[in-house]
1. Could you list the trypsin sites (Lys or Arg not before Pro) in region 25-105 that lie in coil according to DSSP, counting only those with at most 13 other Cβ atoms within 10 Å of their Cβ?
2. Distance from the Cα centre of region 6-25 to that of region 59-118, in angstrom?
3. Arrange the residues Ser56, Ser9 by how much accessible surface each exposes, largest first, with a 1.4 angstrom probe.
4. Exceeding 24 Å between C-alpha atoms, which entries from my cross-link table qualify? They are Lys32/Lys63; Lys58/Lys113; Lys32/Lys78; Lys22/Lys98; Lys18/Lys68.
5. Quickly estimate the mean residue ellipticity at 222 nm for the chain, helices only: each DSSP H run with n ≥ 4 gives -39500 (n - 2.57), and the total goes over all residues, rounded to 500.
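The values are calculated or read from the model by the stated rules, or taken from the named source; none is laboratory data. Note that the structure is predicted; figures quoted are calculated from it, not measured. Note: ideal-geometry Cβ built from the backbone for every residue, glycine included; neighbour counts use all protein chains shown. Side chains are part of the model used for accessible areas, which takes the heavy atoms of the whole protein and leaves out ligands, DNA and RNA. Shrake-Rupley method; radii C 1.70, N 1.55, O 1.52, S 1.80 Å.
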Amino acid sequence: MNKIYYLASCDTCRKIIKSLPKDHNLVFHDIKQNPITVEELEEMRELSGNYEALFSRKAQLYKSRDLKNKSLTEEDFKNLILEHYTFLSRPVFIIDGKIYIGNSQQNMLQVLKVLNSL
């Protein structure tokens, strides 16, 4: 099952979703309305290699908690992502067993290429 984890209130996520091909067959998962589970996060970690790759340093809470001055472990990254949805770098696509994390131009070009080839 191909999936996108996103935040409905995020302008960037909405823009990306609008740009997707019409017949993409993605299951949409709004992480604010439906928080990610431990199992879903574990699947993402398996595909990405670690929790840090899934972690967003752009989150307001990252700045307000002064986390950049703390030495975070993999367990910290996992717990922070599960604690609050803004710590997940988004969007996260899982397509045909591969993961695509974040909204960089290069990442989005890969996602569009894969979706157009399905």
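1. Of the trypsin sites (Lys or Arg not before Pro), the ones in loops of region 25-105 whose Cβ has at most 13 other Cβ atoms within 10 Å are Lys32, Arg57, Lys58, Arg65, Lys70.
2. 15 Å
3. If we order Ser56, Ser9 from most to least accessible, we get Ser9, Ser56.
4. Check vs 24 Å cut-off fails for Lys58/Lys113; Lys18/Lys68.
5. Helix-only estimate at 222 nm: -12000 deg cm²/dmol.
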